[in-house]
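Step one of this worksheet: look at the structure below.
The values are calculated or read from the model by the stated rules, or taken from the named source; none is laboratory data. Being a predicted model, the structure only gives us computed values, none of them experimental. Note that each Cβ is placed from the backbone with ideal geometry, even for glycine, and that neighbours are counted across all protein chains shown. For the accessible areas, the whole protein counts, side chains as well, though only heavy atoms, and no ligand, DNA or RNA atoms are used. Shrake-Rupley method; radii C 1.70, N 1.55, O 1.52, S 1.80 Å.
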Amino acid sequence: MIRLRQASYRYLTGDFQVGPLDLTVEPGERLLITGASGSGKSTLLRLMAGLLQRHGKGEVGGETRINLDDPGRLEAAARVSTLGFVSQDPEDATLCGTVEDEVSFSLENRGDAAIEIGKRVEQLLTAVNLPGKNLQDPRRLSGGQQQRMMVAAALAGGAPVLLLDEPLAQLDPVGAEELLLLLKNLSEGGVAVVMVEHRLELALPWASRCVVMKAGRVVADPLATSMQLSLWDLQAPTIARVTMLVPPPWRARVHWRWSPPEVGSTALTAENLSFGWPGSPPLFSRLQLHLRRGERVALMGANGVGKSSLLRVLAGHQPPLAGTITGDRPIAVPQNPDLSLFCATVEEEICFAMEERGVPRADQRAKAAIIAEKFGLEKLLASPPQALSRGQRLRVAVAAALGAEPGLLLLDEPTAGQDLPQVERMFRGLPTEIALLFACHDPEVVLREATRLWVLFPGGLLDGPPLETLQRALALGCPLRLPPLAEIGLPLGIDPTSLDVSRFAALLESDS
């Protein structure tokens, strides 16, 4: 059991405080914690894990207990058997040189027998769909595969409490469903599972209880209905919102076909592009790619198929094995925003590229204010980036990239750590005249925001209109899913590409 009594944490930088709050989680509960980006969800989870009590430099208040123990005082061996924790940034939490060493690290510290450790590692890697990756260097895994590895490491000790910070953020749709099923089975065996998550379409049906946070406080416990999410600047799952606007059963008021927008001149061309890591088979071979200004191209595919590697190659950060790339010099924002943040304040981050381009100081500040407002950062200009939530840091990294006025922008998982309203706001803030390529696992975001879709799969790449290409990928067995609007709209003759819920609902009428 987890019990918090008047628990709180005040950061040394700024005035933000989480709590004081009271919260209890019983064995076998599946608790979902959600809220807008920066509302204190990760801080609450790290209080539960005892990490802020041990390593935080801020002020800890109140009482936190897991089965009567203070998690901040647990020794290493006892900790493994008490709780498992999965960080928001698996790359930062990785310690070892191989996947099997990472998963077995806590068990070795606990003194388990080598033969038992080996069996446990094999079971866990199979459970998280990483079979055969035992000797792989974790740094060569994709972001989603690293998340799977850290889930396996958290499960290794068989602890009765499992705490996960956005474990679905970088997983392909099928991988996310598989992980939720695994966590549900664990909870039915008595494990208390606490998960922070923004992907509510998947997470809400999984949860047995949902808690909503805003400005460091719990504002709903439990959430009575998903439609209440709008009270706290969040959005209910898609089907619930459509149902509120037009009661089912539905029929089409009119049929609707999407037409791609007009595009401009060529921004990038890649011919016969191939890449692979030394000692491993190529991730992709002989790709023919082109991007035009005004296009917004989404990149999808299974975890580990090579999406981030393709973006790094196109950005010039990794040389290809073969092929040529011509066109605009791209500006790229990596999957981990911390790799591109290095200034003392948010304003300095946004102004850095402008300073490099010789923009006068007064103009820098004015332009930074405009960019910050587009990304919901206007109140954070004086804040240190590293004091912000992950979602906020990611928006800072994207805003800073715009300071360079790129003709071609590459974004790797820009929706991770973001609530849906902020995702929509971020895409609205991106210039429409540039070429945009973004990797994403959320098919709903892809169909709403992309004008074209690439699906990378072993052996090739599909390229075409978003819905048509997604359907072709599903026919090939790619681990993707149709989003809810497509599942509703396709039988009714409605292509939901580029439509938000309101515009989609306007094409429906109730058949009752």
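Could you please find all residues in the stretch 118-151 being of a type in the set (Ser, Thr, Tyr) and assigned to a helix (DSSP H, G or I)?
The first filter runs over the stretch 118-151 and keeps only residues of a type in the set (Ser, Thr, Tyr), leaving 126, 142.
Once the filter is applied, which keeps residues that are of a type in the set (Ser, Thr, Tyr) and assigned to a helix (DSSP H, G or I), the stretch 118-151 yields only THR126.
Scan the stretch 18-29 for residues that are open to solvent by 30 Å² or more (accessible area, probe 1.4 Å), closer than 13 Å to ASP221 by Cα and not acidic (Asp, Glu) and jot them down.
Result: THR24, single match.
Being among the small types (Gly, Ala, Ser), touching a helix residue (DSSP H, G or I) at 6+ places or on another chain (Cβ under 8 Å), outside any loop (DSSP other than H, G, I, E, B) and farther than 25 Å from GLU201 by Cβ is the filter here; which residues of the stretch 380-396 pass it?
Matches in the stretch 380-396: none.
Can you give me the number of residues within the stretch 281-330 that are closer than 20 Å to PRO458 by Cα and hydroxyl-bearing (Ser, Thr, Tyr)?
Residues meeting the conditions: 3.
I'd like to verify a number: residues in the stretch 61-73 that are outside any loop (DSSP other than H, G, I, E, B) and more than 15 Å from LEU162 (Cβ to Cβ), how many? Break it down into steps so the answer makes sense when it comes.
At the first step, the residues of the stretch 61-73 found to be outside any loop (DSSP other than H, G, I, E, B) are 61-66, 69, 71-73.
Checking which are more than 15 Å from LEU162 (Cβ to Cβ) leaves us with 61-65, 69, 72-73.
Selection size over the stretch 61-73: 8.
Name the strands (runs of 3 or more DSSP E) wholly within the stretch 411-512 that hold at least 2 residues that are at pLDDT 95 or above, touching a helix residue (DSSP H, G or I) at 6+ places or on another chain (Cβ under 9 Å) and surrounded by 15 or more Cβ atoms within 10 Å (Cβ to Cβ)?
So the answer is 435-439, 452-457, 460-464.
Going through the stretch 119-144 one residue at a time, which ones are within 18 Å of SER81 (Cα to Cα) and either surrounded by fewer than 21 Cβ atoms within 10 Å (Cβ to Cβ) or under 22 Å from the mean Cα position of the chain (by Cα) (or both)? Steps first, answer last, please.
Residues of the stretch 119-144 within 18 Å of SER81 (Cα to Cα): 119-121, 123-124.
Scanning the stretch 119-144 gives LYS119, ARG120, GLN123.
Checking VAL297 against (1) within 19 Å of CYS440 (Cα to Cα); (2) touching a Gly at 6+ places or on another chain (Cβ under 8 Å), which test does it fail?
(2)
Looking only at residues that are among the polar types (S, T, N, Q), in contact (Cβ under 8 Å) with a residue 24 or more places away in the chain and part of a strand (DSSP E or B) in the stretch 8-27, which one is nearest to GLY72 (Cα to Cα)?
So the residue we want is SER8.
Assess whether GLU116 counts as being within 18 Å of VAL80 (Cα to Cα) and open to solvent by less than 20 Å² (accessible area, probe 1.4 Å).
No: the conditions fail for GLU116.
Being open to solvent by less than 40 Å² (accessible area, probe 1.4 Å) and within 28 Å of the chain's Cα centre (by Cα) is the filter here, so list the residues in the stretch 241-269 that pass it.
VAL242, ALA267, LEU268
Just need a number here: residues in the stretch 259-284 that are without any contact (Cβ under 8 Å) to a residue 12 or more places away in the chain and either closer than 30 Å to PRO496 by Cα or part of a strand (DSSP E or B) (or both).
Residues meeting the conditions: 1.
Can you tell me which residue is most open to solvent (accessible area, probe 1.4 Å) among those in the stretch 91-113 that are without any contact (Cβ under 8 Å) to a residue 12 or more places away in the chain and within 22 Å of LEU163 (Cα to Cα)? Quick ask: steps written out before the conclusion?
Keep residues of the stretch 91-113 that are without any contact (Cβ under 8 Å) to a residue 12 or more places away in the chain, which gives 95, 101, 108, 112-113.
Okay, now just the ones that are also within 22 Å of LEU163 (Cα to Cα), so 95, 101, 108.
Numbers: LEU95: 121, ASP101: 60, GLU108: 102 Å².
Across the stretch 91-113, the extreme among qualifying residues is LEU95.
Would you be able to say whether some residue in the stretch 98-112 is part of a loop (DSSP other than H, G, I, E, B), among the aliphatic types (A, V, I, L, M) and on the phi < 0 side of the Ramachandran plot?
Within the stretch 98-112 (the criterion being part of a loop (DSSP other than H, G, I, E, B), among the aliphatic types (A, V, I, L, M) and on the phi < 0 side of the Ramachandran plot), the answer is no, since none of the residues qualifies.
Take the conditions open to solvent by less than 40 Å² (accessible area, probe 1.4 Å), touching a helix residue (DSSP H, G or I) at 6+ places or on another chain (Cβ under 6 Å) and in a helix (DSSP H, G or I) and apply them to SER42. Does it pass? Explain how you work it out, then say what you get.
Details: open to solvent by less than 40 Å² (accessible area, probe 1.4 Å): yes; touching a helix residue (DSSP H, G or I) at 6+ places or on another chain (Cβ under 6 Å): no; in a helix (DSSP H, G or I): yes.
Answer is no for this residue.
I need every pair where a residue in the stretch 377-400 that is modelled with pLDDT of 90 or more has its Cβ under 6 Å from the Cβ of a residue that is among the small types (Gly, Ala, Ser) and not in a helix (DSSP H, G or I), sequence separation at least 6 or different chains.
GLN392/SER37; GLN392/GLY38; LEU394/GLY417
Say we look at the stretch 51-60 and pick out the residues that are surrounded by 15 or more Cβ atoms within 10 Å (Cβ to Cβ) and over 10 Å from LEU163 (Cβ atoms); which of these is farthest from the chain's Cα centre (by Cα)?
Just the residues of the stretch 51-60 that are surrounded by 15 or more Cβ atoms within 10 Å (Cβ to Cβ), to begin with: 51-53, 56, 58, 60.
Cutting the leftovers down to over 10 Å from LEU163 (Cβ atoms) gives us 52-53, 56, 58, 60.
Values: LEU52: 23, GLN53: 26, GLY56: 24, GLY58: 27, VAL60: 28 Å.
Restricting to residues being surrounded by 15 or more Cβ atoms within 10 Å (Cβ to Cβ) and over 10 Å from LEU163 (Cβ atoms), the top hit is VAL60.
Here are LEU310, LEU339: which of them is of a type in the set (A, V, I, L, M), open to solvent by less than 60 Å² (accessible area, probe 1.4 Å) and either at pLDDT 95 or above or under 20 Å from the mean Cα position of the chain (by Cα) (or both)?
Just a single option satisfies the conditions, and that option is LEU310.
Can you spot a residue in the stretch 324-333 that is open to solvent by 50 Å² or more (accessible area, probe 1.4 Å), among the charged types (D, E, K, R), in contact (Cβ under 8 Å) with a residue 60 or more places away in the chain and not in a helix (DSSP H, G or I)?
The answer is yes; a qualifying residue exists.
State yes or no: is PRO319 open to solvent by 40 Å² or more (accessible area, probe 1.4 Å), touching a strand residue (DSSP E or B) at 6+ places or on another chain (Cβ under 9 Å) and free of Cβ contacts under 8 Å to residues at least 12 places away in the same chain? Steps first, answer last, please.
Values: open to solvent by 40 Å² or more (accessible area, probe 1.4 Å): yes; touching a strand residue (DSSP E or B) at 6+ places or on another chain (Cβ under 9 Å): yes; free of Cβ contacts under 8 Å to residues at least 12 places away in the same chain: yes.
When the stated conditions are applied, PRO319 passes them.
List every residue pair whose Cβ atoms sit under 7 Å apart, with the two residues 6 or more apart in sequence or on different chains, where the first one lies in the stretch 147-159 and is at positive phi and the second, anywhere, is surrounded by 23 or more Cβ atoms within 10 Å (Cβ to Cβ).
none
Residues GLU373, GLU347, GLU378: which one is surrounded by 19 or more Cβ atoms within 10 Å (Cβ to Cβ), farther than 14 Å from ALA270 by Cβ and acidic (Asp, Glu)? Outline the logic, then answer.
Values: GLU373 fails: surrounded by 19 or more Cβ atoms within 10 Å (Cβ to Cβ); GLU378 fails: surrounded by 19 or more Cβ atoms within 10 Å (Cβ to Cβ).
Criteria check complete, one pass: GLU347.
Against the condition more than 12 Å from THR34 (Cα to Cα), at pLDDT 95 or above, touching a helix residue (DSSP H, G or I) at 6+ places or on another chain (Cβ under 8 Å) and not aliphatic (A, V, I, L, M), how does SER274 come out, does it pass?
On the way: more than 12 Å from THR34 (Cα to Cα): yes; at pLDDT 95 or above: yes; touching a helix residue (DSSP H, G or I) at 6+ places or on another chain (Cβ under 8 Å): no; not aliphatic (A, V, I, L, M): yes.
No; evaluated as a whole, the condition is false for this residue.
Might you check whether a residue that is at pLDDT below 85, open to solvent by 60 Å² or more (accessible area, probe 1.4 Å) and acidic (Asp, Glu) occurs anywhere in the stretch 63-83?
The answer is no, given that none of the residues of the stretch 63-83 is at pLDDT below 85, open to solvent by 60 Å² or more (accessible area, probe 1.4 Å) and acidic (Asp, Glu).
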